[in-house]
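Scroll down for the structure; my scribbles are underneath it.
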Amino acid sequence: MPVARILFPMPLPEPFDYLIPEGMDVEPGSYVRAPLGKYERTGVVWAVKQAVPDRELKTIEHHFDVPPMTSSMRRFVEFCARYNVAGPGQVLAMALRARGGLSPSPTQTIYEVTGHRTNRMTPAREKVLTAATELGPNSAAELARAAGVSSSVVKGLVEAGSLAADNRATDLPYPAPDPSRSGHALTTEQGAAAETLRAAMKKGGYAPFLLDGITGSGKTEVYFEAIAEILANDPTAQVLVLLPEIALTQAVFERFEERFGAGPAPWHSSLSDQQRRRTWREVANGRARIVTGARSALFLPFANLKLIIVDEEHDSSFKQEDGVRYHARDMSVMRAKLEEAAVILASATPALETVVNAESGRYQRLKLSARPGAARLPDMHLVDLRSNTPEQGNWLSPILSKGLVATHAAGEQSLLFLNRRGYAPLVICKACGERLKSPGTESWLTEHRYSNRLVCHLTGWSMPKPDKCPLCGAKDSLMGVGPGVERVAEEVRVLLPDATVEIFSSDTAMGGEATRGIVERMAGGEIDVLVGTQIVAKGHNFPNLTLVGVVDADSGLQGGDLRAGERTYQLLSQVAGRAGRAERPGRALIQTYQPDNPAMQALAAGDRDGFLKIERDVREELTLPPFGRMAALVMSAPDAGMAKDIGLLAGKAAPHGEGVTVYGPAPAPISILRGRHRLRFLVTAPRDVDLSAYMAAWVGSLKLPSAARAAVDIDPYSFL
Ligand code: ADP
């Protein structure tokens, strides 16, 4: 009897057996619906076998008419689960994020001009016919909206024979990209990199690359050549371009459109359900040829994935910090291996992990060392805040203030970078000294003047700013301490009263529309000084921007995590790289109290490789990643007593492993989050130890109270 093993997208230990009804043509990878407990659930057939069941099996109810999940994708799901110490069903859930995509597109009635003109025309009818001619076939609601009339006018025109109704899918296929269109004429250096990539695309098979080029050197132009080659070579090949979520702007979309004559299929967290199911369906059936997406796009079930590009590969947003904790860059390389595809990791400041892989020959490195044409990297200057101290209550040093005035006088633009949203990162009571905290969370509240609220940036909790201290009741005693972007903008407005100053942060740019607005105003020269958080660091091109000021270069160095220096270097050089993109030279003024810190010295000298070498030597000496392995176990409980107990229990249960060191339990730096008490273990091991297996065995052996939680984080990036 044929029996199917079905994996469901939920945290179950393994696939379950089901009978295949006669005439149902399922195979490994088929998407099906089958009864599970009280409900019917969608799952994927993991294997089909001939068996005589030793118990009564339930029967598959429905087989979706979608191409089966490829075996390479199924292997990838298994690999991801094992490596990241998660259940395969939890990983499968990430691949099934748009169930609507399993069914054919819903349809809608559309109306099209027939060419027949009724002699009973009215001005309203005239408007609808004009709209239908201009917009092409469309729904009654859309035509009526465009014509500014009621939809009964559309119906009237159908009866009169001037419009014909037809049924059409609501989720249309994406227009096909045209790989034969040509891009910019490449520089010699770009041409050489593109040629190497084209040769690899022609050859096919697994091929990992590091595309290492300074900001604005044309990395995008070069990987466009690889995309064009693979699309032209293989008429079914698909390409995935992963970008940090906040870089997925309209501007990126338009660049693809310009190069390939059609925009890519998008995948990110703010898609509507309809867009999501449309992309999922088109990816699964192989028609979507280029997908641009955030990290979760890596789990889309491509039919024939031939090239993955991870742009800004060093970006920490590729690491998922909840649910299944994975690093999309590392998983991309694995997926490429399983798909026998090429993978290009692109960055101006590649992660040390990636650089070490390139040095050891595991990845082929392609270098772009210059900007095309007249554009060049900005001059970098450190501003030592110890001798160049801002005036009391201010945050801009005299040098930076002068720079802003001069830049504005020259009719050029400035960008001030401070990675702190809001007005002030801390609110204290002048009367009793209380620092206002988020309820149930060990985190300070940030003052936001824009919305007049106090906000917890960790949990999103907020309240209107009270007029008296919640603790001592003193009136008007609450005071914001330290700078946020709103406060810096306030200072600039005093300095340059006739300048247009805008703030660019996730508070002022909620959603694509607002972001686009700010970027367009800045690119069009309407803004004189833009004050932004890390949202400004990514990919924007502002031709008239000549001064970048970093308000507090040291903020990322605190906290002592493994990659603090590396991340600071990456972020600051990326921000500085916004200046001097076009014909005008730019400069960056970096305010710091630690000018001797290696990250600051390297920034000033433009010596990225020297900096990486120091980082590398330190990590090698201490066998930290990528020279050793690291994992974390984060545990939490609803009260301090239980947290202590489970910490002791887990500490005792840690298995012995050759070369494995377990540190902890220690209270997590955020020791209480949303009412849960948190503690952490950190585990290190030599490279040849299978730390995933070790962690799985450890966590698997724990018998925890049901209110307790334990989460494994392989290769942790966050130490909070
Ligand atoms: P990166 O991805 O390395 O930051 P981009 O590919 O975005 O660089 O290129 C930066 C800018 O330079 C873009 O506006 C791009 O169109 C332009 N550019 C890159 N290469 C060329 C070239 N060979 N000729 C003309 N313009 C180019």
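Okay, here's what the table says:
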| quantity | calculated |
| --- | --- |
| Given charges at Cβ of Lys, Arg, Asp, Glu: the range 203-368 dipole, positive-most of 207, 303, 346 | 303 |
| Inter-label distance, nm, simple model (7 Å from Cα along the C-beta direction), residue 481/residue 130 | 6.4 nm |
| Partnerless Cys - the chain, beta-carbon criterion under 4.7 Å | 80, 456 |
| Segment residue 41-residue 65, length gained on full extension (0.36 nm per residue, minus Cα span) | 7.0 nm |
| In the range 560-644, trypsin sites (Lys or Arg not before Pro) in a DSSP loop with at most 13 other beta-carbon atoms within 10 Å | none |
| Rg/Rg_globular for the range 424-564, with Rg_globular taken as 2.2 N^0.38 Å and Rg from C-alpha atoms | 1.19 |
| Under 23 Å from the Cα of residue 468 - lysines, other chains or at least 8 residues apart | 430, 437 |
| FRET efficiency estimate (nearest 0.05) - Cβ-Cβ, residue 164 to residue 12, R0 51 angstrom | 0.50 |
| Cα pair count fraction exceeding 20 Å, expressed as % - the range 336-471 | 71 percent |
| Per-q log10 I(q)/I(0), the range 183-237, q = 0.15, 0.23, 0.25, 0.26 Å⁻¹ (Debye; single scatterer per alpha-carbon; no solvent) | -0.41, -0.90, -1.02, -1.09 |
| Peptides ranked, highest mean first, by Cβ atoms within 10 Å: ranges 683-689, 127-133, 307-313, 117-123 | 307-313, 127-133, 683-689, 117-123 |
| Full-extension gain in nm, residue 410 to residue 649, via 0.36 nm per residue minus C-alpha separation | 79.4 nm |
| Largest to smallest principal axis extent of the C-alpha atoms in the range 563-631, angstrom | 45, 25, 20 |
| Hull-based mean projected area of the range 57-203, where the convex hull spans the alpha carbons, in square nanometres | 17.8 nm² |
| Set of aspartates and glutamates with alpha-carbon distance to residue 475 below 14 Å, sequence-local pairs under 8 removed | 434, 467 |
| Extension reserve of the residue 389-residue 452 stretch, reckoned as 0.36 nm per residue once the Cα distance is removed | 19.7 nm |
| The range 628-714, Cα convex hull volume normalised per residue, Å³ | 79 Å³ |
| Estimated inter-spin distance, residue 57 and residue 462, nm [label 7 Å along Cα→Cβ] | 5.4 nm |
| Sites residue 701 and residue 367, calculated FRET efficiency, Cβ-Cβ separation with R0 35 Å, nearest 0.05 | 0.15 |
| Calculated over the chain: convex hull of Cα atoms, volume per residue (Å³) | 219 Å³ |
| Three principal axis lengths of the range 238-387 [C-alpha, angstrom, descending] | 59, 35, 34 |
| Listed peptides 474-481, 664-671 by packing density, highest first (mean Cβ within 10 Å) | 664-671, 474-481 |
| Estimated FRET transfer efficiency (residue 596, residue 234; beta-carbon r; R0 56 Å; 0.05) | 0.60 |
| Per residue accessible area in Å² of the chain, where ligands, DNA and RNA are left out and the probe is 1.4 Å | 44 Å² |
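The values are calculated or read from the model by the stated rules, or taken from the named source; none is laboratory data. What you are looking at is a predicted structure, and each value in this text was computed from that prediction instead of being measured. We place every Cβ from the backbone using ideal geometry, glycine too, and count neighbours over all the protein chains shown. These accessible areas exclude ligands, DNA and RNA; they are computed on the full protein's heavy atoms, side chains included. Shrake-Rupley method; radii C 1.70, N 1.55, O 1.52, S 1.80 Å.
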